[in-house]
1. Among 90-101, 75-86, how do they line up by average Cβ neighbours within 10 Å per residue, starting with the highest?
2. Provide the per-residue ³J(HN,Hα) series for region 191-201, in order, calculated from phi with Karplus coefficients 6.51, -1.76, 1.60 and θ = phi - 60°, each as a whole number of Hz, with x at glycine and proline positions.
3. Short version: ³J(HN,Hα) in whole Hz for each residue of region 123-138, in order, from phi by Karplus 6.51 cos²θ - 1.76 cosθ + 1.60 (θ = phi - 60°), x for Gly and Pro, what are they?
4. Give me the net charge of Ala141's neighbourhood, meaning all other residues with Cβ under 14 Å from the Cβ of Ala141; Lys, Arg count +1, Asp, Glu -1.
5. Taking the Cα centre of region 14-76 as origin, sum charge times position over the Cβ atoms of Lys and Arg (+1) and Asp and Glu (-1), and report the length of that vector in debye to the nearest 20.
6. Compute the separation of the alpha-carbon centres of region 19-51 and region 126-165 and state it in Å as a whole number.
7. Which of the peptides 155-161, 134-140 is most tightly packed, and how do the rest follow, going by the mean number of other Cβ atoms within 10 Å of each residue?
8. Report, by chain and number, residues whose modeled amide H sits under 5 Å from the one on Val66, excluding near sequence neighbours (fewer than 5 apart, same chain).
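No lab work stands behind these numbers, since they all come straight from the coordinates. Since we're looking at a predicted model, the values are computed, not measured. Glycine also receives a Cβ, built like all others from the backbone with ideal geometry; neighbour counts cover every protein chain displayed.
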Amino acid sequence: MSVAPRFVLAPSSVVDALFEAVRQRIVTGELAGGEKLTEARVSSEYGVARTTAKACLERLTSSGLVRRSAHKSAVVTELGSTELSDLYFARSAVEGAAVRRLAGLQQVPAPALEAQERVVLAVEAGDFARQAAADMDFHAALVDGTGSERLARMHALIMGEVHLTMGQSQAHVVPGRSSVGDEHEAVLRAVTAGDVEGAVAALQTHLERAEARVQARLVRMGQRATDDRTGDTAHDTTGDVTGRPADDVTRATA
């Protein structure tokens, strides 16, 4: 007599591929904040079983890219100003602890240097998508370089939402320069020199500027939405709330 298995193994390779495909559409802005993502939709668009679509949505939810509540469809996460401030507050705490340890050891992780090279090349090529990906890798490498698995897990959770803000900004990118490479270099120089307080200060400055850029984008997007509703096309959205040029605001990543 055959015995039914106690546990069912999910088709992880299919779920992984589906997760990456949907994740990419979210972080590039193809799937906009607030857009519904039902199991039926994912199943239909990708030709997968509903169970696979459900597993994918659960992973997207745990990554912070999707939100869902009981008896409601999942929607692409859309962060407001207060949530952005909280996100960068948490990020500063985690990454600050990482660079403090690295600077104390005068230890720059090799993956961080490699990611920084890719940031510079992407900036030169004007490739925002590659720049954003390399930027994410740079910050993850700093945290991973501490050797703390718990710190790395906390950082990964935070960066899911950070990647979301960067990707959604991409839909509004205009050509221009980026200061992110220079900001990274300031952190690396301080870590190499063993300047603990200098490394933390450089990181803090970098993250404060990153948050300001994202917050400014949020203001501009809100103004565009207002203009669309009122038919006002005369409002100048070429700069941020501080009056800085848009190219410096929208090109720089986190």
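1. 90-101, 75-86
2. The phi angles translate into 5, 4, 7, x, 8, 4, 5, x, 5, 5, 5 Hz.
3. Ordered by residue, 3J(HN,Hα) equals 4, 4, 7, x, 9, 5, 4, 5, 5, 4, 5, 5, 4, 4, 5, 4 Hz.
4. Summing Lys and Arg as +1 and Asp and Glu as -1 gives -4.
5. 240 debye
6. If we compute the Cα centre of each part, the gap is 22 Å.
7. Details: 155-161: 19.4, 134-140: 23.4.
By packing density, highest mean first, the sequence is 134-140, 155-161.
8. Hits under the 5 Å cutoff: Thr61, Thr77.
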